[in-house]
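In what follows, a single structure is set out as structure tokens and then discussed.
Coordinate-derived values only; no laboratory data. Keep in mind that this is a model prediction, so the values were computed, not measured. With ideal geometry, Cβ positions are generated from the backbone for all residues, glycine too; neighbour counts draw on all protein chains shown.
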Amino acid sequence: VEFTKVAADPSIVNLGQGLPDISPPSYVKEELAKAAAVDRLNQYTRGFGHPSLVKALSQVYEKVCGRKIDPLTDILVTVGAYGSLFSTIQALIEEGDEVIIIEPFYDCYEPMVRMAGGKPVFIPLRYKKDGNSASSADWVLDPAELANKFNSKTKAIILNTPNNPIGKVFTREELQVIADLCIKHDTLCISDEVYEWMVYKGNKHIKIATLPGMWERTITIGSAGKTYSVTGWKLGWSIGPQNLIKHLQVVHQNTLYTCPTPLQEALAQAFWIDFKRMDDPDCYFYSLSQELESKRDRMAQLLQEAGLKPVIPDGGYFMIVDVSTLNVDLSDVDEKQPYDYKFVKWMIKSKKLSAIPLSAFCGPETKRQFEKYIRFCFIKKDSTLDAAEVILKNWNKQTA
Amino acid sequence: QTHFLSSLQTKMSRPVQTRRLEGTDKNIWVEFVKLAATYSKVNLGQGFPDFPPPDFLKEAFVKALSEENHMLHQYTRAFGHPPLVKILAQFFGKLLGQELDPMTNVMVTVGAYQALFCCFQAFIEEGDEVIIIEPFFDCYEPMTKMAGGTPVFVPLRPKASKDGKLMSSEDWQLDPAELASKFNERTKAIVLNSPNNPLGKVFSQGELELIADLCVKHDVLCISDEVYEWLVYDGKKHIRIASLPGMWDRTVTIGSAGKTFSATGWKVGWTVGPNRLLQHIRTMHQNSVYHCATVAQEAVAQGFQRELELYGKADSYFVQLPKELQQKRDLLVQSLDAVGMKPIIPEGTYFLVADISKFKSDVPDVPDSDEPYDSRFAKWMVKNKGLAAIPLSAFYSGDNKKKYNHFIRFCFAKEEATLKAANDILQKWKQEKTSP
């Protein structure tokens, strides 16, 4: 909330908040106009998800997962993936439960777990010592450290792959380590896969729910906002076994009951269009990530030329950057905030460029570890990246 | 590397769901919406119009979509799209007699339903009691429970009807002494719903003052669900409890675009109140839903702009809609009365409740059944007559479900053709009963 106020100032090049300023595909916008013209689509639909949408989701994900998914019992449509996270946590986490959260993490996981009475248990991704390429793949979990976090009180682990903010795409081996522990300790897995379609060359998005023994204990969360570049539609979904989804449905029926109808219908139609071409490179699920890969590469180059050290993400539309190389002295700013918060504020003021400080994505113990990083969002149109380029090229020409 | 997994290990062996879900899993709508979808030829059950939203609103939606600025497809301000909160602050500021700050006194939600949820979560916890007036919109009870609170019910009691005349929702009243007895030091809030769903009661100035006095005396919050605020008939006036002395500071007023503009599928609602209350609602919102969809908010803002300009004039949707609905109400009242179902004439909302005692012979009583009679009746009716309605027991708590079990609720926000079709079903039914 704090940093999104910046978005309102048009003189600032906003690479902070994760929202596209590129246009959604035209057929997506057209389907919404079509849906709104149908009278009955302006009234309530099925609470747990509009029938044509859950049908479309089940088809798409059956193909991806290679298993049957019942649209009525295995899927819940929610207000954004955010709403799915909330419904899942409220349904399955309470006082006495520990929830493992991998740092850095999308910042809502911690307050949601706490609000449900649960205890967050943090484990950081650590930079591999032999890493020279500064890729998101260099950030890994220590298997022994991870195993130590599991105990009889552990109710769930929250997995986010591709990861926000780093952009790490967990490999099959890494997922197997997590899966083995989940099965051994009989825990749930809450898998936030909103960036599932944004994976770059040489990487594959793997759904932990498809690993042996995992379907029964995993809730997989997806997002229309990220899939179709329509964050303002706020539609997401949870997919999993009936015996878990039914509890999410109870939360949903007692919190907001239904999601908007015309948006769900439009989304369903968009999914049908792309489902039909899922074996085709034209499918938006693949064409978007191709578009984003070139933006990623451009962003990385600009940052490197400005003397910054970006961590090249394997997925997602964020890039974290080590700003310590610039040695900007902010010790005279006497706020007790971490370095990255101070850096971002300074950068907004003096460079008219915004980003998000990485310590926003950390638990209290690890803020020191991540405070030299800031996060940029690169799902931006060319003119925005052009404006960012101007600032970055002129960076060293100005004095602080 | 192979992994040996016994079938026991692959399934979650421990109980997974949380205690906060206890007693909240049953939901009448899931069941009855499914029945209506399967069996009904005429659906007067779930509360939504079968006529479209007004043209100006649909046009506003399309206009928002066709704009060059595609940023309406992206996140807007989390606590409410600026054009919408601004117009809501202006509009309701006038009605409440308050200077409203759009940023702190108004928050947009995913329907009034989510506004209610935020209120319960923000203000109610274990040890708190919440007074709920029966019959009530069914979600108040599970929402209270999910927040850890204890619901305390107080009924509206029907006065004896005057020699064969049809009752009015006005005849259902709170007993002042009974109401006062429900307030104690544990009482955190009272939920007020006026106009009331399902009865259609429009609380009078006197009745609201009664409630307000008790709120002030016991320092209790008021969650005021006013989604049907524009649907009042027979020249009655909707009074906002937040405008009564001592009430602004302790009341959250909830509204709904779905009901206001006949667009229930848009799921846009709002809360209006003092910052000291709204700040907690904002916290709840940012940790549960965070943003509401943008485009519909833009369109609703346009809708309110139009209504602000036409306020009180004949062309105002807020003048036309209740006029139209009053006629529909009267049509349905007539149909029901003609066949021997006794409607309680609602002063507001688009619901009415009818006494189906005369039709009991069609659905025999099952003495030890767990299911209230009216629920079995409504299910039988939709399956056998194709007419969908909702049993009144859905809107009562525990033991009272069995007490008020010979009433069903009809929604009359329907095209004339639908109401005529309902009439045909009722007429045919009556004929079948009277013919040998």
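List the lysines whose alpha-carbon lies under 19 Å from that of A:Lys276, not counting same-chain residues fewer than 8 positions away?
List returned: A:Lys29, A:Lys55, A:Lys63, A:Lys68.
Whole-Hz Karplus ³J(HN,Hα) for segment B:182-195, in order, using 6.51 cos²θ - 1.76 cosθ + 1.60 and θ = phi - 60°, x for Gly and Pro?
Values per residue, Gly and Pro as x: 7, 7, 8, 5, 8, 5, 9, 8, 10, 9, 10, 10, 9, x Hz.
Under a 5 Å amide H to amide H cut-off, with H placed in plane at 1.01 Å, what residues pair with B:Ile345 once short-range neighbours are removed?
Hits under the 5 Å cutoff: B:Met167, B:Ser168, B:Ser169.
Taking neighbour Cβ counts within 10 Å as the exposure measure, how do A:Lys34, B:Lys414, A:Lys276, B:Lys267 sort from fewest upward?
A:Lys276, A:Lys34, B:Lys414, B:Lys267
Please give me the summed charge of the neighbours of B:Thr294: other residues whose Cβ is under 11 Å from its Cβ, Lys and Arg +1, Asp and Glu -1.
Cβ neighbours under 11 Å give a net charge of +1.
Can you tell me the equivalent ellipsoid semi-axes for segment B:55-310? Use √(5λ) from the Cα gyration tensor, largest first, whole Å.
Computed over segment B:55-310, the values are 32, 22, 16 Å.
Go ahead and set up a Gaussian network model of chain A, Cα springs under 10 Å, then flag whichever of A:Val60, A:Val38, A:Val251 fluctuates most.
Looking only at A:Val60, A:Val38, A:Val251, the largest GNM fluctuation is found for A:Val38.
Across bins of 10 angstrom width beginning at 0, how are the C-alpha pair distances of chain B distributed, in whole percent?
Histogramming chain B at 10 Å steps yields 4, 20, 30, 26, 14, 5, 1, 0, 0 percent.
For B:Val202, what is the net charge nearby, where nearby means another residue's Cβ is under 11 Å from its Cβ and Lys, Arg count +1, Asp, Glu -1?
Local charge sum for B:Val202: -3.
D for chain A, whole µm²/s, Stokes-Einstein with Kirkwood Rh over alpha-carbon pairs at 37 °C and 0.692 mPa s: what number?
Calculated translational D: 151 µm²/s.
Where does each of B:Met103, A:Met347 land when they are ranked from fewest to most other beta-carbon atoms within 10 angstrom?
By the 10 Å Cβ count, ascending, the order reads B:Met103, A:Met347.
Excluding same-chain residues fewer than 8 positions from B:Lys360, which aspartates and glutamates have a Cα within less than 17 Å of its Cα?
The reachable aspartates and glutamates, counting only those whose Cα sits under 17 Å from B:Lys360, are B:Asp337, B:Asp368, B:Glu371, B:Asp374, B:Glu432.
Starting from the Cα of B:Lys217, draw a straight line to each of the aspartates and glutamates and keep only those under 19 Å, dropping any in the same chain fewer than 8 residues away.
B:Lys217 reaches B:Asp128, B:Glu129, B:Asp175, B:Glu178, B:Glu185, B:Glu207, B:Glu209, B:Asp249.
Of B:Arg282, A:Arg217, A:Arg114, how do they rank once you tally other Cβ atoms within 10 Å and put the fewest first?
Exposure proxy ranking, most exposed first: A:Arg114, B:Arg282, A:Arg217.
Considering amide H positions built from the backbone, and no H for Pro or chain starts, which residues 5 or more places from A:Tyr195, or on another chain, come under 5 Å of its amide H?
For A:Tyr195, no residues qualify.
For segment A:386-395, just list the computed ³J(HN,Hα) in residue order, Karplus coefficients 6.51, -1.76 and 1.60, θ = phi - 60°, integers in Hz, with x standing in for Gly and Pro.
Whole-Hz 3J(HN,Hα) from phi for segment A:386-395: 4, 5, 5, 4, 4, 4, 5, 5, 8, 3.
With only alpha-carbon atoms counted, please give the Rg and Dmax of segment A:164-307, in Å.
17.6, 52
For segment B:55-310, give the share of DSSP beta bridges that are antiparallel, in percent and rounded to the nearest 5; count only bridges with both residues there.
Taking every DSSP beta bridge with both residues in segment B:55-310, the antiparallel ones total about 35 percent.
Once you have the alpha carbon radius of gyration of segment B:384-436, what is it after dividing by 2.2 N^0.38 Å, with N set to its residue count?
That works out to 1.42 for segment B:384-436.
Would you please report the Å³ per residue occupied by the convex hull of the alpha carbon atoms in segment A:115-197?
Hull volume over Cα atoms, normalised by residue count, gives 110 Å³.
Rounded to the nearest 5, what % of the DSSP beta bridges within the protein assembly as shown are antiparallel ones?
50 percent
Work out the mean other chain Cβ neighbour count within 10 Å for the residues of B:17-24 and drop it here as an integer.
Other-chain Cβ atoms within 10 Å of each residue's Cβ, averaged: 6.
In the structure shown, do any of B:Lys58/B:Lys313; B:Lys165/B:Lys385; A:Lys226/A:Lys381; B:Lys86/B:Lys267 have a Cα-Cα gap over 26 Å, and if so which?
Among B:Lys58/B:Lys313; B:Lys165/B:Lys385; A:Lys226/A:Lys381; B:Lys86/B:Lys267, the Cα-Cα distance tops 26 Å for B:Lys165/B:Lys385.
Could you list which residues have their amide H under 5 Å from that of A:Arg126, counting only those 5 or more apart in sequence or on another chain, with H placed in the peptide plane?
It is A:Val140, A:Leu141, A:Asp142, by chain and number.
Working only with C-alpha atoms, what are the Rg and Dmax values of the protein assembly as shown, expressed in angstrom?
Final numbers for Rg and Dmax: 28.0, 100 Å.
Could you compute how fast segment B:13-108 diffuses translationally, taking Rh as the Kirkwood radius over C-alpha pairs and applying Stokes-Einstein at 37 °C with viscosity 0.692 mPa s? Give it in µm² per second.
178 µm²/s
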